[in-house]
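Enquirer: Structure incoming, see below.
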Amino acid sequence: MPYDHRTVEPKWQARWRDAGLHKTPDDPGRPKFYALDMFPYPSGAGLHVGHCEGYTATDIITRAKRMQGWNVLHPMGWDAFGLPAENYAIKHGIHPRITTEQSIANFRRQIDAVGFAYDWEREVNTTDPGYVRWTQWIFLQLFKRDLAYEGVIPINWCPSCKTGLANEEVSQGRCERCGSVVERKDMRQWQLRITRYADRLLADLDELDWPESTMAMQRNWIGRSEGAEVVFQTAAPVAGREIRVFTTRPDTLFGATYMVLSPEHPLVDAITTPAQREAVARYQAEARRKSDLERTDLAKDKTGVFTGATAQNPVNGQDIPVWIADYVLASYGTGAIMAVPAHDQRDFEFARKFGLPIVQVVRPADGAPVDPDQAFVGDGVAVSSGPLDGLPTPEAKRAITADLERRGVGRGTVSYRLRDWVFSRQRYWGEPIPLVHCPGHGAVAVPESELPVRLPDVERYAPTGTGESPLATIDDWVNTTCPSCDGPAKRETNTMPQWAGSCWYYLRFLDPRNDAVIFDRAKEKQWMPVDLYVGGGEHAVLHLLYARFWHKVLFDMGLVSTKEPFKKLRHQGTVLAYSYQDAMGRYHELPEIELRGETAILKATGETLKVTVEKMAKSKMNGVNPDDVIREYGADVMRLYEMFMGEFELPKPWDPRAIEGVNRFGKRVWRLVESFDPAAAPADDPHRVLRHKTIKRVTADLERMQFNTAIAAMMEYTNALTADGATREDVLTLVKLVGPYAPHLGDEAWEKLGEKGFLLQASWPTYDPALTLDALVTLGVQVDGKVRGSVEIARDASEADARQAALGVANVARHLEGRAIKKFIYKPGRIIGIVSAPG
């Protein structure tokens, strides 16, 4: 009977659900494996094949781990607060809770259709009041430990929409919604003191099995720098004002020829001369229209304005001009820099543009000439630097820092790029911050017994026009009493960022229905840390950094037993897609196209289309909906293809032509199962060695997350069984290996073969290591450390046989001509080495 995925897959999904097959017991007696996917934001667009790539990988691994005897926790939930739902509510008048629930229902339908083995009894939703309660509880612990504080900082402000904007909503200085020029506006904000944990966040990266690129991004974001804080004094028109700068190169102070302040620096207005006041004010207004990302773009044209003021360089007494420029941010460092254009490329470009002096104070140690068209930024030897002349850069740094400290105009210090986390959002659809403002007691925590503080159920979410949250206009909700004095007070109207709920969700999965405590300590000790965390590389910095910060706070409170939450992290590669464009630049969808090999033809006109590989986008009509793939091929084929496209962590294109090859593989497996006849099976077990090698290869590839090569091994095994006949053990082994990749096919085949229960309850196949070794091996032959040839010899060949074979290689003999063999090295199965000496 032909295999029909349209009936087989729903049948097994229903059986798994009815049997509670994917429920995870808290069984501390078995080894645990906690696999976690970065839970999705449930958008109205639904699940896409990029989601499915990561989810399929963890599903395959956890299914195999269950068969290997592990107690597996593999949960799923929803990061459901967020700006898109609120914007949709404003535009269409639908409460964000309603659209969120609709999106979650659609996501879950799609996830179930793919056959993922999630334990839905542990499902969490960051908007659920029971979850919000504990998110707010964690904030209160931060507040009580002086890790949360209120301050005034600038935000992006759209004067047309009359609301604050996230950096992502600003493009080229304009609001993405309405196109208006964005300004900077000072607003009251809550911040978290993540900087107190900077050193630990940096040091503990060394304990993690993460991609090196991700750890580098974390290190760069934290940005620990050793250097010196230097004090400059203004000279004119206002003398004696301190300007503090941090520099990692105090040895270049003699080359500082100007200073730059951020346009928002508090000293700007005080030191600007009357003649420059108008130009400075105009530049400050322009800077307010740019996001921090745009201002610090290294590729952008350098701009700035002279304030008319000067400051005295503390090492040589020279007065140098003070400028303002938007590439210096008030929120980074001290908001001021000393500019050394000879030894900093950004300063060099600025100085060239505005005709400022460039003074070389470091030369290359090897005496090489310096390129006059760029800054020399490396270490070297100090020159034109008074008492530092002739000192190598490290010694010069130490000497000048000691001199600054002795004279009281500087000190050695450590600086961080990391800033405190701005935790406020002027939005409706987020967790309310559980504080009230009392005229007499200031900010007061809401009693824990009154959590959660719920969002008011209102019909309008429009911005207030003042930059405050829409909650600020809801008097019945805002007006309350102070927990300390029972006097009149007002609720905090800012809400938490979307990051808040995702900072700790991995912990709530351990004990999701506990109303008494945030989670049971015994369950935390049983399951933590997360053994495998899989998600997109776009979260390589902020989500991971914020989650690690909260986890360390909980560790200091004694609530968690591990210093780090995520032991092993992997990022799936981006799933790209082919796009098809005609001569007019219009994009076309696959149904309009006929594919002829590598050529795409527009059916309506016969025009040959331009084919490119790029990110999926609605505008390019190249998105791939998993519903469509499942409808045509089935979930198992989609799962197999997702894993067969290429290496898991690399970008790869979704090719609609290639999926047919994987579909044929699934059909071959089914035909092998359906046609299996015990009476016709070979009696001599001809595939015994291949079977054991395949088990070893698939198992090892699974651990390495090399899914594509594991599938290739199963394809080779299937082809051999089809060609030469198969024993029952051959077929059962194949079904067990394929099952985690194609679980519906696996269970259908398991049942067809007369086996009881579900495939997931069967044991993973094992192999005999002795049977996986080849009788002959190919070994490289090194002569004096360089490979000069190779030999094929018996795996257990004697040293004499290995020597004879190696010396028989023509290129080896050529490199030994006129030389004596000083030492012969033979490591069976690994390498042959020859050390020679003049003969």
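The values are calculated or read from the model by the stated rules, or taken from the named source; none is laboratory data. Bear in mind that the values here come from a model prediction, so they are computed numbers and not experimental data. So basically every Cβ, Gly included, is an ideal-geometry build from the backbone, and we count neighbours across all protein chains shown. Areas reflect the complete protein model, heavy atoms only, side chains present, ligands, DNA and RNA absent. Shrake-Rupley method; radii C 1.70, N 1.55, O 1.52, S 1.80 Å.
Enquirer: For region 380-398, give me each residue that is open to solvent by 30 Å² or more (accessible area, probe 1.4 Å) and touching a Pro at 6+ places or on another chain (Cβ under 7 Å).
Expert: Lys397, the sole residue that qualifies.
Enquirer: Related question: If you scan region 807-822, which residues turn out to be surrounded by 13 or more Cβ atoms within 10 Å (Cβ to Cβ), over 49 Å from the mean Cα position of the chain (by Cα) and part of a helix (DSSP H, G or I)?
Expert: Leu807, Ala813, His815
Enquirer: Here is a follow-up. Considering only region 112-164, how many residues are among the polar types (S, T, N, Q), closer than 25 Å to Ile90 by Cα and out of contact with any Leu (no Cβ under 8 Å at 6 or more places or on another chain)?
Expert: Adding up the residues that qualify gives 5.
Enquirer: Residue check: is Glu729 among the acidic types (Asp, Glu), in contact (Cβ under 8 Å) with a residue 40 or more places away in the chain, surrounded by fewer than 22 Cβ atoms within 10 Å (Cβ to Cβ) and touching a helix residue (DSSP H, G or I) at 6+ places or on another chain (Cβ under 8 Å)?
Expert: Here the answer is yes, as Glu729 does meet what is asked.
Enquirer: Could you tell me which residue of region 175-196 is modelled with the lowest pLDDT, considering only residues that are open to solvent by 20 Å² or more (accessible area, probe 1.4 Å) and not in a strand (DSSP E or B)?
Expert: Taking the candidates together, the pick is Arg177.
Enquirer: Name the residue that is most open to solvent (accessible area, probe 1.4 Å), counting only residues in region 84-125 that are closer than 27 Å to Asp628 by Cβ and touching a strand residue (DSSP E or B) at 6+ places or on another chain (Cβ under 7 Å).
Expert: Glu123
Enquirer: For region 479-538, which residues satisfy the criterion of being among the acidic types (Asp, Glu) and either under 30 Å from the mean Cα position of the chain (by Cα) or buried (at least 16 other Cβ atoms within 10 Å of the Cβ) (or both)?
Expert: Across region 479-538, the qualifying residues are Glu492, Asp511, Asp520, Glu524, Asp531, Glu538.
Enquirer: On to the next question. So which residues in region 786-806 are aliphatic (A, V, I, L, M) and either open to solvent by less than 30 Å² (accessible area, probe 1.4 Å) or within 28 Å of Ala770 (Cα to Cα) (or both), if there are any at all?
Expert: Result: Val791, Ile793, Ala794, Ala797, Ala800, Ala802, Ala805, Ala806.
To keep it simple, each residue is scored yes or no on (1) over 20 Å from Val124 (Cα atoms); (2) among the polar types (S, T, N, Q); (3) free of Cβ contacts under 8 Å to residues at least 60 places away in the same chain; (4) buried (at least 18 other Cβ atoms within 10 Å of the Cβ).
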| residue | (1), (2), (3), (4) |
| --- | --- |
| Trp16 | yes, no, no, yes |
| Gly29 | yes, no, yes, no |
| Pro42 | no, no, no, yes |
| Leu47 | no, no, no, yes |
| Ala64 | yes, no, no, yes |
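Enquirer: Continuing with this model, one more query. What about Tyr131, is it in a helix (DSSP H, G or I), among the hydroxyl-bearing types (Ser, Thr, Tyr), within 23 Å of Cys503 (Cβ to Cβ) and open to solvent by less than 50 Å² (accessible area, probe 1.4 Å)? Before you say what the answer is, go through the steps one by one.
Expert: Details: in a helix (DSSP H, G or I): yes; among the hydroxyl-bearing types (Ser, Thr, Tyr): yes; within 23 Å of Cys503 (Cβ to Cβ): yes; open to solvent by less than 50 Å² (accessible area, probe 1.4 Å): yes.
So Tyr131 fits the description; yes.
Enquirer: Give the residues of region 656-690 that are outside any helix (DSSP H, G or I) and touching a residue at least 12 places away in the same chain (Cβ under 8 Å), sorted by residue number. It would help to see each step written out before you state the result.
Expert: Initially, region 656-690 is screened for residues outside any helix (DSSP H, G or I), giving 656-658, 675-677, 681-687.
Across region 656-690, the qualifying residues are Pro656, Arg657, Ala658, Phe676, Ala681, Pro682, Asp685, Pro686, His687.
Enquirer: Restricting the search to region 363-381, which residues are out of contact with any strand residue (DSSP E or B) (no Cβ under 6 Å at 6 or more places or on another chain) and of a type in the set (A, V, I, L, M, F, W, C)?
Expert: If the condition is that a residue be out of contact with any strand residue (DSSP E or B) (no Cβ under 6 Å at 6 or more places or on another chain) and of a type in the set (A, V, I, L, M, F, W, C), then Ala368, Val370, Ala375, Phe376, Val377 are the ones that fit.
Enquirer: Exactly one condition in (1) of a type in the set (A, V, I, L, M, F, W, C); (2) part of a loop (DSSP other than H, G, I, E, B); (3) within 38 Å of the chain's Cα centre (by Cα) is false for Ala365; which is it?
Expert: (3)
Residue-wise test of (1) touching a residue at least 12 places away in the same chain (Cβ under 8 Å); (2) in contact with a Phe, Trp or Tyr (Cβ under 9 Å, 6 or more places away or on another chain); (3) crowded, with 20+ Cβ neighbours inside 10 Å; (4) part of a loop (DSSP other than H, G, I, E, B).
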position	(1), (2), (3), (4)
Ala443	yes, yes, no, no
Val453	yes, no, yes, yes
Glu459	yes, no, no, yes
Trp477	yes, no, no, no
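Enquirer: Select from region 691-716 the residues that are in contact with an Asp or Glu (Cβ under 8 Å, 6 or more places away or on another chain) and farther than 13 Å from Pro765 by Cα and write down the one among them that is most open to solvent (accessible area, probe 1.4 Å).
Expert: Gln706
Enquirer: Ala723 - would you say it is modelled with pLDDT under 95 and closer than 29 Å to Ala658 by Cα?
Expert: yes
Enquirer: Determine which member of the set Leu721, Leu760, Leu779, Leu771 is of a type in the set (A, V, I, L, M, F, W, C) and in contact with an Asp or Glu (Cβ under 7 Å, 6 or more places away or on another chain). Break it down into steps so the answer makes sense when it comes.
Expert: Working: Leu760 fails: in contact with an Asp or Glu (Cβ under 7 Å, 6 or more places away or on another chain); Leu779 fails: in contact with an Asp or Glu (Cβ under 7 Å, 6 or more places away or on another chain); Leu771 fails: in contact with an Asp or Glu (Cβ under 7 Å, 6 or more places away or on another chain).
Going through Leu721, Leu760, Leu779, Leu771 in turn, the sole match is Leu721.
Enquirer: Sticking with this one: One residue is enough: does region 303-324 have a residue meeting the conditions over 28 Å from Gly240 (Cβ atoms) and either modelled with pLDDT of 95 or more or out of contact with any Leu (no Cβ under 7 Å at 6 or more places or on another chain) (or both)?
Expert: yes
Enquirer: So, one more: Could you please find all residues in region 588-627 being in a strand (DSSP E or B), open to solvent by 60 Å² or more (accessible area, probe 1.4 Å) and closer than 12 Å to Asp655 by Cα?
Expert: Selection gives Val613 alone.
Enquirer: Just checking, which of Arg244, Arg289 is at pLDDT 95 or above, farther than 21 Å from Gln345 by Cβ and in contact with a strand residue (DSSP E or B) (Cβ under 7 Å, 6 or more places away or on another chain)?
Expert: Answer to the selection: Arg244.
Enquirer: Output the residue which, of all residues in region 732-766 that are charged (D, E, K, R) and in a helix (DSSP H, G or I), is least open to solvent (accessible area, probe 1.4 Å).
Expert: Among those residues, the one meeting the criterion is Asp747.
Enquirer: Something else now. Report yes if some residue within region 345-367 is closer than 27 Å to Asp186 by Cβ, surrounded by 14 or more Cβ atoms within 10 Å (Cβ to Cβ), in contact (Cβ under 8 Å) with a residue 40 or more places away in the chain and β-branched (Val, Ile, Thr); otherwise report no.
Expert: Checking region 345-367: not a single residue is closer than 27 Å to Asp186 by Cβ, surrounded by 14 or more Cβ atoms within 10 Å (Cβ to Cβ), in contact (Cβ under 8 Å) with a residue 40 or more places away in the chain and β-branched (Val, Ile, Thr).
Enquirer: Somewhere in region 629-637, is a residue assigned to a loop (DSSP other than H, G, I, E, B) and not basic (Lys, Arg)?
Expert: For region 629-637, residues assigned to a loop (DSSP other than H, G, I, E, B) and not basic (Lys, Arg): present.
Enquirer: Scanning region 557-577 for residues that are more than 13 Å from the chain's Cα centre (by Cα) and touching a residue at least 60 places away in the same chain (Cβ under 8 Å), which turns out most open to solvent (accessible area, probe 1.4 Å)? Steps first, please.
Expert: Start the filter on region 557-577 by keeping residues that are more than 13 Å from the chain's Cα centre (by Cα), which leaves 557-565, 567, 575-577.
Among the residues that remain, those that are also touching a residue at least 60 places away in the same chain (Cβ under 8 Å) are: 557, 563-564, 567, 575-577.
Numbers: Met557: 49, Lys563: 83, Glu564: 14, Lys567: 110, Val575: 13, Leu576: 37, Ala577: 2 Å².
Top of the filtered list is Lys567.
Enquirer: Shifting gears a bit: Would you please name the residue that is most open to solvent (accessible area, probe 1.4 Å), looking only at residues in region 404-417 that are touching a residue at least 24 places away in the same chain (Cβ under 8 Å) and in a helix (DSSP H, G or I)?
Expert: My answer is Arg407.
Enquirer: Go through region 647-690 and give me each residue that's open to solvent by 40 Å² or more (accessible area, probe 1.4 Å), under 33 Å from the mean Cα position of the chain (by Cα) and hydrophobic (A, V, I, L, M, F, W, C).
Expert: Within region 647-690, Leu650, Ala658 meet the criteria.
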